[in-house]
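Notes follow the structure.
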Amino acid sequence: MGGWKAGTIRGLRLAILLALLAAAVYLLLPRPELLDFQGQSRAFYDRHGRLLRLSLAADQRYRLRIPLDRVAPVLREATLLYEDRNFYAHPGVDVPALFRACYSTYLVGERPIGASTISMQVARLRWNLHTRTIAGKLLQIGRALQLSRHYGKDELFAAYLNLACYGRNIEGIEAASRIYFDKAAAELTLPEALTLCVIPQNPVQRNPTTAAGFARLKIARDQLFQRWLEEHPEDAQQRVFFQLPLAIRPLEQLPFTAPHFVTELDRQLPPLQGGAVPTTLDSALQQRIERHLAAYIARRRPEGIENGAVAVLNHETMELEALVGSADFWNERIEGQVNGVSAKRSPGSTLKPFIYGLALDQQLIHPLSLLKDAPRRYGGFTPENFDQRFLGPVFARDALIGSRNVPAVYLQAQLTRPTLYDFLRTAGVQGLREEGHYGLALGLGGAELSMEELLRLYALLPNGGRLRPLRKVSSDLPPEEGPALLSPEACYLLLDILSSNPAPTGVSLSGQLQQGPEIAWKTGTSFAFRDAWAIGISGPYVIAVWCGNFNGVGNPALVGRPAAGPLLFEIFRDLGQGKGWRATAGLQPGLLNLERVAVCADSGDLPGRFCPRTRESWFIPGVSPIRVCGIHRAIPVVVESGLRACWERPGETRRQVFEFWPSDLQQIFRQAGIGLKSPPAFEADCELDEASSSGAAPVILSPVQGLSYSLRSERLAQERIPFSATVDGDVRQLYWFVDEAFVGQVAAGETFFWCPQSGDFGVQVVDDHGRGAGRNLRVGLVRDRAELVQ
């Protein structure tokens, strides 16, 4: 009897203490943070909602916050049924249940009975409370009342579902649902929901990924199902589903898709930002690209091609749909965890289309403009072609398709604002040094770009020259419009030209015909064969392929067309077979400022009266250069001697058409064994002014305009400065002058070497027809090699 009275007194004291504690908590404690006190995982999803990767929060737990309305109703109801049936009725503490627990635990001395409400469990989880002691339980009650004062029931219920432990280091219903069942919490079935409901009560003993844990979990789940049927007898037919085995995925089998893409995106996001990240990636397409790259590298490995990267950009949405940063992410030997898509590499010749695009817009060329593939010197820079040969006259479209270096450098040198450097800066290429650092080597791979930057540049072409940012995170908003860097007309012409680029050797030509997609593509090879590139456009995609080694080791097999080109075509054929893709589909020439005009088939200029044949070319009216062909000229020839007459003499002369090619091209023709119908020499008694009445004046190639020549004073007697010029096809001799003083003569096409002095000079050249040209020359003397370098 005395023991009963003592227990009663203790119970009354506890009740009074609880009442005082409740009053103090309710009145004094401030509103606490409910969920923001802890970090979240990041769940990266592909464009179709498939999980790519679930990252750990900062405290090494898997945790994804989710609002209450995105939890399946069956799970919400089952959780309340299992944990706290009166949750929406009590003030945060279930007083009758609490007294029953006190009576059983402290008065009768039976086994401890839990009386924790959902609010109390949120308090325990929020403040990491130890609640097995009276003091801990009182603190838990106080915190629960504090939460109940400041938060509504739905907020507290949502907090519980986000804070509860579901085994190992998994917290929150969304993380548990994604990990165990590969689905959102909103999509859980009744068996899945009841399975998850019973885990938080004993997450260690009911670990669903171990045999013993799942056995205990199943018993608890089946018991809960019996209670569920008391409330929902209509669900009795689902009993059969509870007898089937559940496919539960352990943590070790979480997806690790597109590791380079996800890792890069994870670094780019704000460091404390967690939650769902809907990406632009298509995991099915990603896996196809990975298989293509792995199989291709396996085939080419005997040639020393052991690594590569591929990225697929949808230029219509500017979304990256696939990104494979290396041939094998886990291969340490090839440094597989380096992301070849974001790494800066020399682009080789992949920038050449933009040189031609700028030249088209700056009135320098049209597709059939005749360019010179002949030796040129720009100060200390003498560009060479990849094959170390010169073709002579070459049309602009053929020079671009053939990736000739010399014509590209010539055009780059002619560009005014914007220059190629300005173009790249405006396009957002990062890490560029000052323009003078690159000089004219910029268009040949002198600067380093990433594959992402190249994709963005090439997306200009199907997008009509408009720059748009590349996107990795999915958005319902249309692509952001940036500045126009090229005209739509130049973009169409470039795509039209690059579509004529033949498939690489060993690849069927059907890809450039009706059976497969039409591909506008360009290749690039960096210095010392370190990087092989191929970038193509067809249908909605821009696809880039890189082959090489992350350690920078060169390999003669790493040439753009044969090394990277076949993989590019293989991918395009797989994606576009039978879809009728074209590279120019988004640009209709009929809606652009473009016209087809006849040009001389030999020179690309408007046909003169003596042009023997013509062909059609695209022109941009008001922009493309207009010039009448001067290659084919009719001149009077003396019938008896075959010499060129100074003027026509009826009965003695007849008009004949000859080809007047510049001297540098004539030399290349001769080296190639090509015979030209060159004009004959003038009669001996022709006056100079009569002979110079037609034809082109010389063009000085050296000395270079604006270049200062520095010579060593101790070797001045041995130093020479080369004078050279191209001349019209009928010139035989050149006469060189310095400050109007004659210094020497050479045959057309030959170089004269002048013994220099220090100072400023005027250099003039006159051909044997009296046509001349001039430019200024500055010569400085230095004392030693160190001063020369400076």
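Candidate cross-link partners of K183 among the lysines, defined by an alpha-carbon separation under 27 Å and a same-chain spacing of 8 or more, comprise K153, K218, K472. Accessible area ranking (1.4 Å probe, heavy atoms, ligands and nucleic acids excluded), largest first, for I219, I535: I219, I535. Database remark: amide H of V782 closer than 5 angstrom to the amide H of L711, R712, S713 (H placed geometrically; neighbours at sequence offset of 5 or more, or on other chains; Pro and chain starts carry no H). Taking the square roots of 5 times each eigenvalue of the Cα gyration tensor of the range 128-249, largest first, gives ellipsoid semi-axes of 28, 17, 15 Å. Within straight-line reach of K579, meaning a Cα separation under 25 Å, sit the following lysines at least 8 residues removed in sequence or on another chain: K522. By DSSP, the beta bridges lying fully in the chain are antiparallel in about 85 percent of cases. Amide H contacts of G304: none lie under 5 Å away among residues 5 or more positions distant or on a separate chain (H built 1.01 Å from N in the peptide plane; Pro and chain starts excluded).
Please list, or write none, the lysines whose alpha carbon is within less than 18 Å of the alpha carbon of K372, excluding same-chain residues fewer than 8 places away. By straight Cα distance, K372 reaches K352. Look at the alpha carbon pairs under 8 Å that are at least 6 residues apart: their mean separation over the length of the chain gives a relative contact order of 9 percent. S710 contributes about 70 Å² of solvent-accessible surface, heavy atoms of the protein only, 1.4 Å probe. Phi angles across the range 377-389 convert, under the Karplus curve 6.51 cos²θ - 1.76 cosθ + 1.60 with θ = phi - 60°, into 3J(HN,Hα) values of 10, 10, x, x, 10, 10, x, 10, 7, 4, 8, 6, 10 Hz, Gly and Pro given as x. Overall shape of the chain was characterised from the C-alpha gyration tensor. The equivalent ellipsoid obtained from it has semi-axes of 82, 28, 21 Å, in decreasing order.
As a test of reading the structure, rank R377, R775 by solvent-accessible area (1.4 Å probe, protein chains only), most first. Present the calculation step by step, with values, prior to reporting the outcome.
Working: R377 135, R775 55 Å².
Heavy-atom accessible area, descending, gives R377, R775.
Sorted largest first, the spans of the alpha carbon positions of the range 388-511 along the three principal axes are 51, 44, 27 Å.
In the chain, what percent of the accessible surface is made up of carbon and sulfur (1.4 Å probe, ligands and nucleic acids excluded)?
Numbers: 19070 of 36290 Å².
Percent of accessible area from carbon and sulfur atoms in the chain: 53.
Ranked by the mean number of other Cβ atoms within 10 Å per residue, highest first, peptides 650-662, 34-46 order as 34-46, 650-662.
Across the range 611-628, computed HN-Hα scalar couplings (Karplus, 6.51 cos²θ - 1.76 cosθ + 1.60, θ = phi - 60°) run 5, x, 7, 10, 8, 8, 9, 6, 10, 9, x, x, 10, 5, x, 10, 8, 7 Hz from first to last residue, x flagging Gly and Pro.
Mind ordering 192-202, 725-735 by average Cβ neighbours within 10 Å, highest first?
Details: 192-202: 23.7, 725-735: 21.8.
Order by mean packing, descending: 192-202, 725-735.
For the peptides 357-367, 229-239, 589-599, the ranking by packing is 357-367, 589-599, 229-239, with the highest mean count of neighbouring Cβ atoms within 10 Å listed first.
Quick check on the chain: helices-only [θ] at 222 nm, where DSSP H runs of length 4 and up contribute -39,500 (n - 2.57) each and the sum goes over total residues. Nearest 500, please.
Numbers: 23 runs with 241 residues, N = 790.
Counting only the DSSP helices, I get -9000 deg cm²/dmol.
Convert 37 °C to kelvin, take the viscosity as 0.692 mPa s, use the Kirkwood radius over C-alpha pairs of the range 283-379 as Rh, and evaluate the Stokes-Einstein diffusion coefficient in µm²/s, rounded to a whole number. Write down the numbers at each step before the final one.
Values: Rh = 16.8 Å.
D, rounded to a whole number, is 195 µm²/s.
Amide hydrogen proximity for V277: with H placed 1.01 Å from N in the peptide plane, the residues at 5 or more positions away or on another chain lying under 5 Å are A43, F44, Y45.
The values are calculated or read from the model by the stated rules, or taken from the named source; none is laboratory data. Values in this document were obtained by computation on a predicted structure and should not be read as measured data. When we count neighbours, we look across all protein chains shown, and the Cβ atoms used for this are built from the backbone with ideal geometry, even at glycine. Heavy atoms of the whole protein, side chains included, go into the accessibility calculation; ligands, DNA and RNA do not. Shrake-Rupley method; radii C 1.70, N 1.55, O 1.52, S 1.80 Å.
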